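J.: Got a structure here, written out as structure tokens. Questions coming.
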Amino acid sequence: MAFNKVLIVGATSGIGRALATRLVEKGIPVVISGRREENLQEFVRQHGSDKVKSKVVDVTKLDKIPEFASEVLVEDPDIDCIFVNSGIQRPFDFSKPDTVDLSIFDQELVTNYTSAVYLSKAFIPHLQAQKKQTSLIFTTSQMALVPMMRCPNYGASKAALHHFILALRTQLQDSPGDIRVVEIYPPAVQTELHDTKHQPDLKDGHLIGMPLDDFTDEVWTRLQNGEEQIAVGSAQEIFEAFEFKRQGLYKEMTKMLTGLIKQFLR
């Protein structure tokens with residue numbers, strides 16, 4: 001946790017905001033970003049511009065991400081941790097196709113998965129160039145491991161990100177620099193992810209799940225312990241049920257395929 005400065009993408013509410021608060025409380029400067037400028041500015045006023053900077057970004061505008069990364073790093077070249085936290089959750093019922101809005105479906109996929117890939121590509125060169133250990137931290141979900149019928153796209157997008165993270169961690173092991181790739185698997189947590197404005201059929205959706213403070217406490221402790229895979233609450237039970245075996249199979253397959261592919265490379 002010896003970070004110089006942390007960029008948090010998706011810090012206007014919920015998990016991102018809570019972890020930004022914890023970092024500031026521990027004396028680690030942060031750059032917070034997200035779509036809602038008023039939320040960002042309120043956070044800066046609360047904690048002070050000497051500890052917090054903000055940068056508005058809409059991660060669904062993929063073509064703007066390289067420019068965003070370039071501007072952030074020019075202004076704060078001492079950033080050594082990128083925390084990718086943006087996420088939305090929407091229900092879809094494909095048994096009633098007329099109710100499915102594919103534009104919302106696409107927006108969820110881009111927010112939860114594709115933007116994280118673009119952000120990784122944009123910031124990895126900077127992290128590789130550092131003379132110290134750096135970090136890429138991603139928030140996925142317990143639904144990256146087991147889907148939920150109500151939110152099929154959310155689970156699929158988080159599963160895609162989880163698979164990307166596994167491969168990315170392996171690729172970066174032999175790359176320049178010393179980049180730790182960390183994945184946080186939340187259970188349901190009491191945030192606006194389930195609010196009525198996002199999921200209108202839910203009543204008091206923000207009360208669903210683990211209290212945000214309890215979640216933040218556990219994540220912070222385990223980050224300090226140096227863990228790279230942090231499954232919390234019910235996500236930990238799911239993770240322990242089969243994920244160790246799946247990742248063991250992934251490592252075996254990676255070793256086998258790496259040897260095979262080398263025979264065909266020019």
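The values are calculated or read from the model by the stated rules, or taken from the named source; none is laboratory data. Quantities reported herein were computed from a predicted structural model and do not represent experimental measurements. Reconstructed Cβ throughout: ideal geometry from the backbone, glycine too, with neighbour counts over all protein chains shown. The protein model used for the area step is the full one, side chains on, heavy atoms only, and it has no ligands, DNA or RNA in it. Shrake-Rupley method; radii C 1.70, N 1.55, O 1.52, S 1.80 Å.
J.: Just flag the chymotrypsin sites (Phe, Trp or Tyr not before Pro) in the stretch 219-264 sitting in loop per DSSP whose Cβ has no more than 14 other Cβ atoms within 10 Å.
T.: 264
J.: May I ask you to list the GluC sites (Glu not before Pro) in the stretch 206-266 that are in a DSSP loop and have at most 15 other Cβ atoms within 10 Å of their Cβ?
T.: Those satisfying the criteria are 227, 228.
J.: Find how many whole Å separate the alpha carbon centroid of the stretch 73-95 from the alpha carbon centroid of the stretch 1-28.
T.: 13
J.: Hey, in the GNM for the chain with a 10 angstrom Cα cutoff, which one of 170, 254, 139 fluctuates hardest?
T.: Maximum among the listed residues: 254.
J.: So, in Å, what gap is there between the alpha-carbon centers of the stretch 121-147 and the stretch 207-249?
T.: Between the Cα centres of the stretch 121-147 and the stretch 207-249 lies a distance of 16 Å.
J.: With every protein chain left in place, what is the accessible area per residue of the chain in square angstrom, probe 1.4 Å?
T.: I get 51 Å² per residue for this part.
J.: Apply the Karplus parameterisation 6.51 cos²θ - 1.76 cosθ + 1.60, with θ equal to phi minus 60°, to every residue of the stretch 67-73 and state each ³J(HN,Hα) to the nearest whole Hz, in sequence, with x for glycine and proline.
T.: Values per residue, Gly and Pro as x: 5, 4, 4, 4, 5, 4, 6 Hz.
J.: Once phi is turned into ³J(HN,Hα) by the Karplus curve 6.51 cos²θ - 1.76 cosθ + 1.60 with θ = phi - 60°, what whole-Hz value does each residue of the stretch 91-98 show in order, with x for glycine and proline?
T.: For the stretch 91-98, the Karplus curve yields x, 9, 10, 6, 6, 10, x, 5 Hz.
J.: For residue 179, list long-range residues whose amide hydrogen, built 1.01 Å from N in the peptide plane, is under 5 Å from its own amide hydrogen.
T.: 134
J.: Using θ = phi - 60° and the Karplus curve 6.51 cos²θ - 1.76 cosθ + 1.60, what whole-Hz ³J(HN,Hα) does each residue of the stretch 105-112 get, with Gly and Pro shown as x?
T.: After applying 6.51 cos²θ - 1.76 cosθ + 1.60, I find 4, 5, 4, 5, 4, 5, 5, 7 Hz.
J.: Between 234, 175, 95, where does the largest GNM mean-square fluctuation fall for the chain, given springs only between Cα atoms within less than 10 Å?
T.: Largest GNM mean-square fluctuation: 95.
J.: So, one more: Go through the stretch 109-182 and name the trypsin sites (Lys or Arg not before Pro) that are in a DSSP coil and have 11 or fewer other Cβ atoms within 10 Å of their Cβ.
T.: In loop regions of the stretch 109-182 (DSSP not H, G, I, E or B), the sparsely surrounded trypsin sites (Lys or Arg not before Pro) are 131, 132.
J.: Say the cut-off is 26 Å between C-alpha atoms; which of 132/245; 26/131; 26/158 go over it?
T.: Pairs exceeding the cut-off: 132/245; 26/158.
J.: For every helix of n ≥ 4 consecutive DSSP H residues, a contribution of -39,500 (n - 2.57) applies; sum these over the chain, divide by its total residues, and give [θ] at 222 nm rounded to the nearest 500 deg cm²/dmol.
T.: -13500 deg cm²/dmol
J.: Percent of accessible area on the chain owned by carbon and sulfur, 1.4 Å probe?
T.: Ligands and nucleic acids excluded, carbon and sulfur reach 54 percent.
J.: Then there's this: Which percent of Cα pairs goes in each bin when the distances of the stretch 1-44 are cut into 5 angstrom slices starting at zero?
T.: It works out to 6, 26, 37, 21, 9, 2, in whole percents.
J.: With bins 5 Å wide starting at 0, give me the P(r) of the chain over every alpha carbon pair, in whole percents.
T.: 1, 5, 12, 17, 19, 18, 13, 8, 4, 2, 1, 0
J.: When the distances between all Cα atoms of the stretch 1-139 are binned every 5 Å from zero, what whole-number percent does each bin get?
T.: 2, 10, 20, 22, 19, 12, 7, 4, 3, 2, 0
J.: I need the semi-axes of the equivalent ellipsoid of the stretch 69-108: take the C-alpha gyration tensor, multiply each eigenvalue by 5, square-root it, list largest first in whole angstrom.
T.: In descending order, the three semi-axes are 38, 10, 5 Å.
J.: For a quick check, take a GNM of the chain with Cα springs below 10 Å and name the residue from 249, 145, 166 with the largest mean-square fluctuation.
T.: Taking springs between Cα atoms under 10 Å, the residue moving most is 249.
J.: Additional query: Near the amide H of residue 57, under 5 Å away, which other amide H atoms are found, from residues 5 or more places off or on another chain, if H is placed in the peptide plane?
T.: When sequence neighbours closer than 5 places are left aside, the close amide H contacts are 34, 35.
J.: Also: Compute the signed sum of charges (Lys and Arg +1, Asp and Glu -1) over the other residues within less than 15 Å, Cβ to Cβ, of residue 138.
T.: Around residue 138, the charge tally is +2.
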